[in-house]
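Working notes, structure below.
The values are calculated or read from the model by the stated rules, or taken from the named source; none is laboratory data. The structure displayed is predicted, hence computed values, not measured ones. Note that we place each Cβ from the backbone using ideal geometry, even for glycine, and neighbour counts take in every protein chain shown. To get the accessible areas, we keep the full protein, side chains included, count just its heavy atoms, and leave off ligands, DNA and RNA. Shrake-Rupley method; radii C 1.70, N 1.55, O 1.52, S 1.80 Å.
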Amino acid sequence: MHLLRTDHAVSVVLPASSGGGLLPIRHILGIGRNYAEHAKEQGADIPDRPMVFTKSPASLALSGDPIVI
């Protein structure tokens, strides 16, 4: 499998052995401060539970994409 960017979406390209086609990426979930050292690096308290957050699929960078800051 690999990723494909079009004008409107980023999709996973499914292999022909799985029936082929595109599967659009609609949500990206992230986990933060999921271990004590990560919290310490940020100067933050160690949470009772890891933080769960979302990112827009538009923030996804493919291999070779320029990273614009």
note = Ordered by number, the trypsin sites (Lys or Arg not before Pro) in the chain that occupy a DSSP loop and have at most 12 other Cβ atoms within 10 Å are Arg26
note = Computed on Cα atoms, the radius of gyration and Dmax of the chain in angstrom are 16.5, 48
Paramagnetic reach from Leu29 (point 7 Å along Cα→Cβ, amide N under 17 Å) across segment 38-61 = 49-57
remark   = Counting only protein heavy atoms with a 1.4 Å probe and every protein chain in place, the carbon and sulfur fraction of the accessible surface of segment 1-58 in whole percent equals 55 percent
task = Mind checking the per residue accessible area of the chain for me, 1.4 Å probe, whole number of Å²?
result = 83 Å²
request  = Evaluate the relative contact order of the chain (contact order divided by residue number), counting alpha-carbon pairs under 8 angstrom at least 6 apart; express in whole percent.
outcome  = 26 percent
